[in-house]
Amino acid sequence: MQSVESQLVLTPVFRKLCKLQQKELQRLGINRILEKGDRIISYGEIWRYVILIREGIIEARKESEEGRTLVVCTYKTGDVIWGHAMFDGEPTPGTLVAKVPCIIIQWHGNELFPLIWNNNEALWDLCVLLHQRLRKTSNVIEELAFSPTAGRLAKLLLEFFKSEHQASVKRIMTLDEMAARVGTTREVVCRLLYRFSHSNIIQVNRTHIRLMNKSELHKLAGKG
């Protein structure tokens, strides 16, 4: 794991602060260790904090009254999450959950903003970052609105194979977790996986998924 100093130098907004300000940032930060499944913030709460993920993965989720979950965004090591209430004072529109064990640093907005308020470069970095997040969320909404579920699942499978750089990967997600990523139910994911398998696009067993026909999977993803 990188040192805090090394991460701050590479992190948008914080990288624009001078060394003295970065030292003050380290002093003000609260180190936290999260277990898998820990909730950082729940939907509807007022959360005026910023966190830097030193190590781990955090998901931003939407949860329905029926118990369905949609993963809107995934944050990884080195990412910074800015609480919505810091800007508008309104309730949080989603839930932040540790996907895996995490190490984070947390700041309260009232302590953090004075460090960047008069720094034009840091504020511009923040504007660019929030704009990028908005575009990414817009793409998620567009896919849910206009893309077939099979296409979204095909894209997710391609992500698995790309990240592992091999044709056979472990099933690192449960059916429920895959459903949350593509905006459907576990039953639909199960049916689609076996449809892909019967078409000899992939092979599926209890522990692994093997890619058999990459071009066909790309075609399905393209339809998504």
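The values are calculated or read from the model by the stated rules, or taken from the named source; none is laboratory data. Just so you know, these numbers come straight off a predicted model, no measurement behind them. Reconstructed Cβ throughout: ideal geometry from the backbone, glycine too, with neighbour counts over all protein chains shown.
Tabulated values for the structure
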item: Of the criteria (1) loosely packed, with under 15 Cβ neighbours inside 10 Å; (2) farther than 29 Å from ARG195 by Cβ, which one GLY67 fails; result: (2)
item: Condition met for ARG32 (assigned by TED's automatic domain parsing to the domain that holds ALA98, part of a strand (DSSP E or B) and in contact with a helix residue (DSSP H, G or I) (Cβ under 8 Å, 6 or more places away or on another chain)); result: no
item: Selection within region 1-15 - part of a loop (DSSP other than H, G, I, E, B), among the hydrophobic types (A, V, I, L, M, F, W, C) and over 20 Å from the mean Cα position of the chain (by Cα); result: none
item: Given (1) hydrophobic (A, V, I, L, M, F, W, C); (2) exposed (fewer than 14 other Cβ atoms within 10 Å of the Cβ); (3) over 25 Å from LEU115 (Cα atoms), index of the condition ILE46 fails; result: (3)
item: Spans of strands (runs of 3 or more DSSP E) in region 38-106 with at least 1 residues under 24 Å from HIS131 (Cβ atoms) and aromatic (Phe, Trp, Tyr); result: 49-55, 69-76, 80-82
item: Breaking point among (1) polar (S, T, N, Q); (2) part of a loop (DSSP other than H, G, I, E, B); (3) within 27 Å of VAL189 (Cα to Cα), for ASN118; result: (3)
item: Out of ALA98, ALA122, ALA85, sole residue that is over 30 Å from CYS18 (Cβ atoms), among the small types (Gly, Ala, Ser) and either buried (at least 17 other Cβ atoms within 10 Å of the Cβ) or in the same structural domain as LEU175 (by TED's automatic domain parsing) (or both); result: ALA98
item: Among (1) free of Cβ contacts under 8 Å to residues at least 60 places away in the same chain; (2) surrounded by 14 or more Cβ atoms within 10 Å (Cβ to Cβ) - the single one PRO114 does not satisfy; result: (2)
item: Enumeration of residues in region 192-208 that are β-branched (Val, Ile, Thr) and assigned to a loop (DSSP other than H, G, I, E, B); result: ILE201, THR207
item: Condition check for ILE53: of a type in the set (A, V, I, L, M), within 22 Å of ALA85 (Cα to Cα) and in contact with an Asp or Glu (Cβ under 7 Å, 6 or more places away or on another chain); result: yes
item: Selection within region 135-156 - farther than 19 Å from THR69 by Cβ and surrounded by 16 or more Cβ atoms within 10 Å (Cβ to Cβ); result: ALA150, GLY151, ALA154
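The rows are residues; the columns are (1) touching an Asp or Glu at 6+ places or on another chain (Cβ under 6 Å); (2) farther than 27 Å from VAL97 by Cα; (3) part of a helix (DSSP H, G or I).
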{"residue": "LEU134", "(1), (2), (3)": "no, no, yes"}
{"residue": "ILE141", "(1), (2), (3)": "no, no, yes"}
{"residue": "LYS155", "(1), (2), (3)": "no, no, yes"}
{"residue": "GLN166", "(1), (2), (3)": "no, yes, no"}
{"residue": "GLU177", "(1), (2), (3)": "no, no, yes"}
{"residue": "CYS190", "(1), (2), (3)": "no, no, yes"}
{"residue": "ALA221", "(1), (2), (3)": "no, yes, yes"}
